[in-house]
Amino acid sequence: MLSEKMEQALNEQVNAEIYSGYLYLSMSAYLEEADWPGFAKWMRIQAEEELEHGMKIYDYIIRKGARVTLKGIESPQTEWDGVEAIFEHVLEHEQFVTSLINNLVDLAIEEKDHATNLFLQWYVEEQVEEEENAMDNLARIQKGKDSIDALFMLDKDFGARQAE
Ligand code: FEO
């Protein structure tokens, strides 16, 4: 079982993960329109991963015999000032998600909910990876941003990403 507080907070995180997917899909659509198919593909795979993150929590709530309650997903931003601005936004967003996960872990500890604390450790680890990737990606784009050839090569490289 889950405490009412924990159930509500986990439901909010389902929403936040789906919103992340929606935001990255919006970035992917922008990148398609801007003719960066590789970056667009990378972002679309990222969006799919976020939906999986949401579903993992969804399934956990059910396993604990609690209730999933879905709420509306906020409309994501649709315009950015180019590729660098997008990848800056990704880093900022992942740092925000890390803070949400940390708050959830704090609550699990407060509620003495060891199972949920253990479940959330996957997300703690995942956020280290998400922030690391976001920093690396941004650094690569910042290095290449003044050369259209370098950006084309990066686009090709990002486009090689395969869904896991
Ligand atoms: Fe679900 Fe990108 O963190």
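The values are calculated or read from the model by the stated rules, or taken from the named source; none is laboratory data. Note that the structure is a prediction, hence the values are computed from the model and not measured. Don't worry about glycine lacking a Cβ; one is built from the backbone with ideal geometry, like all the others, and counts go over all protein chains shown. Calculation scope for accessible area: heavy atoms of the full protein, side chains included, ligands and nucleic acids excluded. Shrake-Rupley method; radii C 1.70, N 1.55, O 1.52, S 1.80 Å.
Results for (1) under 30 Å from Ala139 (Cα atoms); (2) within 14 Å of the ligand (Cβ to nearest atom); (3) open to solvent by 30 Å² or more (accessible area, probe 1.4 Å), shown as yes or no for each residue.
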residue	(1), (2), (3)
Met6	no, no, no
Ala29	yes, no, yes
Gln46	yes, yes, no
Leu51	yes, yes, yes
### Summary
Of the residues in region 53-76, those that are among the polar types (S, T, N, Q) and either closer than 28 Å to Asn117 by Cβ or within 16 Å of the ligand (Cβ to nearest atom) (or both) come to Thr69
### Message
Tell me the residue from Glu12, Glu50, Glu7 that is closer than 27 Å to Gly82 by Cβ and part of a helix (DSSP H, G or I), please.
### Response
Glu50
### Query
Could you list, in sequence order, the residues of region 64-117 that are of a type in the set (Asp, Glu) and either assigned to a loop (DSSP other than H, G, I, E, B) or open to solvent by less than 30 Å² (accessible area, probe 1.4 Å) (or both)?
Glu74, Glu79, Asp81, Glu94, Glu111, Asp113
### Query
Quick one: what pairs do we get from region 123-136, first residue closer than 15 Å to Gly54 by Cα and of a type in the set (Val, Ile, Thr), second near the ligand (Cβ under 9 Å from one of its atoms) and assigned to a helix (DSSP H, G or I), C-beta under 9 Å, 6+ apart or different chains?
Val124/Thr98; Val124/Ile101
### Message
Condition first: farther than 17 Å from Gln13 by Cα and surrounded by fewer than 16 Cβ atoms within 10 Å (Cβ to Cβ). Now tell me which residues in region 118-139 satisfy that.
### Response
Val128, Glu129, Glu132, Asn133, Met135, Asp136, Ala139
